[in-house]
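Okay, structure first, notes after.
Any read-out appearing in this document is the output of simple, stated calculations on the displayed coordinates, not a laboratory observation. Values in this document were obtained by computation on a predicted structure and should not be read as measured data. Quick reminder, even Gly has a Cβ in these numbers, built from the backbone with ideal geometry, and neighbours come from all protein chains shown.
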Amino acid sequence: MQTYFLLSHFCTMSVVVKDTKATVVIFEHEGVFIHPNSDDDGIDQDLLISGSLRLVDKDSEILVEYKPLEDTVDPSNMLCAGKDSSSVVEWAHSPGERVLETQHSYETEWDMINAVSFRKRPCSNGSNGEGSLHHSHERSRWAFSFSLRELRSITIKQEGWSFLIFKLKDSSSCLPALHFHQGGSTEFLDAVRRYALLSESADDESCLVVSTPNRALSQSFENLLDDNNYSLVNKLKKDPYVTTLGGFSKVTNYLFDALRGPEEQTRRPPEEMADLLGEVIPGLDINQQEEPGFEVITRIDLGPRPSVSRRDPVSVEEWTKHQDPEGRVVRVPQLKEAIFKGGLCHAVRKEAWKFLLGYFPWNSTAEERKALQRSKTDEYFRMKLQWKSVSEEQERRNSRLRDYRSLIEKDVNRTDRTNRFYEGIDNPGLVLLNDILMTYCMYDFDLGYVQGMSDLLSPILYVMENEVDAFWCFAFYMDQMHQNFEEQMQGMKTQLVQLGSLLRLLDLAFWNYLESQDSGFLYFCFRWLLIRFKRELSFQDVLRLWEVMWTELPCENFHLLVCCAILDSEKQKIMEENYGFNEILKHINELSMKLDIEEILHKAEGICLQIKSCKANQICGEDLPRSVSSILGFTSDPCDSYDDSDLRDPHRASQRANTYSNGHGHLSETPALVS
């Protein structure tokens, strides 16, 4: 059987929404072919069935529909002009060869062309129409429709193009393969992923196993909150950042029940729950296997938690005293300690943040900093000009830049609009937010813009009140936060597992309780870590917390101890009220804007000192778990008592303690606790 390649003006792909009462078209792609089996009686071996594939939402039921086109096309040479493009395309075919020649023109006349020449298959019974009816009947036999809930798997094959084979749970139903001669299979699968979990089969990597939440839960979940008219269900399926920032932790029933599945009567084993959470939050797969070299941990008596004191913010006068006549910052360790203990008064922040974030070197003179600013200003505006000078035609051909711009515009219009610096219509602060984020896309085009980055920029621009300085401070902050926003989310994986290691050490009973409620993955802390508590604290408290953390005192990963401090304050209520999976999510989310930053910093510092100063159990004489020492940056030196020098050198002391048994297995010995 000879294989033909064809392109017609009917072949268009779109993701559209059509309101027809309860039916919404989610995805539609014409030019999808069925290759009839030549062994079937009465089937012409040269006939290809061309049709339209759709994904529709009908009364909250997601359906896959395939419908053949009205006219079956005889695959012969074609000349056509795309109805929405300025191109003429000619297909020439010979056995085993495909040639595609394309001419482009920007002339308006080309856009008016919407023609295609082809031969219709002649009717065998003359002009009485019976032949036409016969062919219509032949075409209709290839139409099919099924619900996503009935779909068991999708197998992806390649034959010069992609084709998909659907297998339904009712094994008696056999569907024809759909061939995507002009592409579109990836887009179709992406649309399906918005409503179902597709996981690679263990036996066949080309086979995707389909699992879907049940309809009632999906409806109830979508009604849980109104987040600026953005569907939380769609966010959860499409983008973990949208979900996390927009209200992931407000889920009450949907997520847990969806993960269990409507047909499941018993709880899934932990390793399967880990796999499913990895599907819901892409990249968040958590290793459940015990690996060689992992550290067995037994209980440690950490001893009493030391009391700590805080001080007033660093004033303008105190900041000035730390500068020599040429403008160099002197006695940096003592200055960092003062900032860690009390933060900065607002008048100092504009200058001090540039040092804390690495924009200005601590040992630079005032003149050197002026020269640096001039150089960085030139560099900034060169990058800004790159996207400012992009024409509409160029942007139309650059989908990534177009997507970045669209996403930035949406996010900027929702960022801190209750803050006076950003409130109102035509606010200049919003324009600067937009321009800085667009310029950052030029600075790091591979990463570009990811939702959540506007939250990190907003406080910096508020403090700097200067476009160029805000950009470079943001760029240096993103150097620290980069892994949080990468596609593989390695930073988020590592931090969540590290946080689990710390919680095991600090309170084994609480950790065991979280594990018993399927909450040991700590997904309710995802937003905390992703944007450093930006949406958990008031705006002014965020400024204080960030500058304290930027001192990198009193240990590495101090932000993880901030998480521990918050959970330490809430664990009693969670356990006494016997909160389950849903209640824990809801409770943690409702802490937003109710947290006391000074109380949190007191407790977090106390936890750090408690771990550092813990004494070794005299019976076992073991060290502090190496995983914890690595997370917090402690060395394996003998236990030192805490003093001010420890604050200035967080790597100085590591404490001796016992290993402890948590009854759950092992912790990694390396900082990257995810394999």
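The table below lists the values:
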quantity: Translational diffusion of segment 335-481, µm² s⁻¹ [Kirkwood Rh, Cα pairs; Stokes-Einstein; 25 °C; 0.890 mPa s]; calculated: 150
quantity: Cβ crowding within 10 Å averaged over residues, with 305-318, 507-520 ranked highest first; calculated: 507-520, 305-318
quantity: Environment charge of E583, counting only residues whose C-beta is closer than 11 Å and scoring Lys/Arg +1, Asp/Glu -1; calculated: 0
quantity: Simple label model, 7 Å out from Cα along Cβ direction - F381 to K410, nm; calculated: 3.4
quantity: Contour excess over end-to-end distance, with Cα ends at K169 and Q483 and 0.36 nm allotted per residue; calculated: 109.1 nm
quantity: Local net charge near F360, Cβ-Cβ under 12 Å (Lys/Arg +1, Asp/Glu -1); calculated: +3
quantity: Protection proxy ranking of 567-577, 528-538 - average other beta-carbon atoms within 10 Å, highest first; calculated: 528-538, 567-577
quantity: Net length gained if the chain between K58 and V24 were fully extended (0.36 nm per residue, minus Cα distance); calculated: 11.6 nm
quantity: Environment charge at T439 (Cβ cut-off 14 Å; Lys +1, Arg +1, Asp -1, Glu -1); calculated: -1
